[in-house]
1. Quick test for you: out of Arg221, Arg151, Arg237, pick the one residue that is modelled with pLDDT under 80, surrounded by 12 or more Cβ atoms within 10 Å (Cβ to Cβ) and not acidic (Asp, Glu).
2. All but one of (1) outside any loop (DSSP other than H, G, I, E, B); (2) modelled with pLDDT under 90; (3) surrounded by fewer than 16 Cβ atoms within 10 Å (Cβ to Cβ) hold for Ala137; which doesn't?
3. All but one of (1) at pLDDT below 90; (2) part of a strand (DSSP E or B) hold for Gly144; which doesn't?
4. Being of a type in the set (Phe, Trp, Tyr) and at pLDDT 80 or above narrows it down to one residue among Trp227, Trp195, Trp187; which is it?
5. Count, please, the residues in the range 51-65 that happen to be at pLDDT below 85 and touching a Leu at 6+ places or on another chain (Cβ under 6 Å).
6. In the range 28-36, is there at least one residue being at pLDDT 85 or above and over 30 Å from Trp187 (Cα atoms)?
7. So which residues in the range 71-108 are within 17 Å of the chain's Cα centre (by Cα) and in contact (Cβ under 8 Å) with a residue 60 or more places away in the chain?
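The values are calculated or read from the model by the stated rules, or taken from the named source; none is laboratory data. In this text the structure is predicted, and so the values were computed from the model without any measurement. Backbone-built Cβ (ideal geometry, glycine too); neighbour counts: all protein chains shown.
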Amino acid sequence: MRADHEICWILEGRSPDEIPMARLAEYMRLLAILFGEFESVHFDRVEKACTKIVAKLPLGGASHKVQARIYAVRDRRAPPDAMHAARRINEMVGEDKGVARISFGATSILRFPGRGGVTEAAFGFVDQATVTGKLYALSEEPSGGIRARIRPRGGSSYVACTADRILGATLRGFFLETVRVQGRGAWRRATSGEWSCQSLHIQSVSPVKDVSLRDAIDALRSIEVDWPDDPLTEWTRLDERDGAA
């Protein structure tokens with residue numbers, strides 16, 4: 001079978017001779033949970049240069065589903081059983097004093113750095129959120145709900161979005177354009193302390209004119225404003241009036 005139809009889990013720096021059979025079997029059990037598609041993923045072999053567990057994936061939908069599930073683990077959006085399996089694998093890799101990765105062909109798609117690694121659970125909550133970026137993916141669910149992806153300005157990742165059917169026509173009108181969406185967002189704090197909006201249920205959407213900073217500054221300067229002769233005194237007067245009110 002071609003390499004791109006194989007999925008490999010590689011524990012670097014440790015040969016199979018150093019890993020007890022029971023522990024290798026536990027790794028395989030957890031990998032099976034992480035991969036999902038129990039009837040379609042089959043063990044093929046263990047390679048010896050390092051501890052490399054190779055499984056076969058059939059052509060078609062099962063391969064895509066397994067890849068999507070692993071990407072969801074990487075993005076911390078996978079089902080609880082897959083996330084638990086990934087965390088436990090990472091703990092075991094740390095106990096074995098190694099690092100590991102999952103790869104399709106030559107592409108590594110998920111890494112296990114060991115204890116204290118990226119598979120640790122991050123803190124998150126749901127609150128109002130605003131996302132501005134390019135609406136580059138849009139689809140309709142069988143139920144009529146809308147799924148979308150927005151790539152924020154200056155970012156390489158995306159925010160996964162959902163919306164009710166009533167917003168479908170509006171979103172289609174802004175497809176491949178820069179938009180500002182507002183709604184209920186799932187916020188997550190990474191282990192680095194950085195906050196990011198991971199997903200958003202869109203409640204409103206509006207177009208955003210994509211202009212450069214220089215153009216924006218020039219536009220502000222061109223606004224005709226009747227400024228008072230002494231703006232600081234005027235602001236003080238307004239503050240005093242508002243305070244008295």
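1. Answer to the selection: Arg237.
2. With respect to (1) outside any loop (DSSP other than H, G, I, E, B); (2) modelled with pLDDT under 90; (3) surrounded by fewer than 16 Cβ atoms within 10 Å (Cβ to Cβ), Ala137 is out only on (2).
3. Gly144 satisfies every listed condition except (2).
4. Trp187
5. The qualifying residues number 1.
6. Yes; the residues of the range 28-36 include at least one that is at pLDDT 85 or above and over 30 Å from Trp187 (Cα atoms).
7. Selection gives Asp75, Arg76, Arg77.
One line per residue, one yes/no per condition, for (1) among the β-branched types (Val, Ile, Thr); (2) touching a helix residue (DSSP H, G or I) at 6+ places or on another chain (Cβ under 9 Å):
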| site | (1), (2) |
| --- | --- |
| Glu6 | no, no |
| Ile10 | yes, no |
| Ile19 | yes, yes |
| Leu30 | no, yes |
| Leu34 | no, yes |
| Glu37 | no, yes |
| Phe43 | no, yes |
| Glu47 | no, yes |
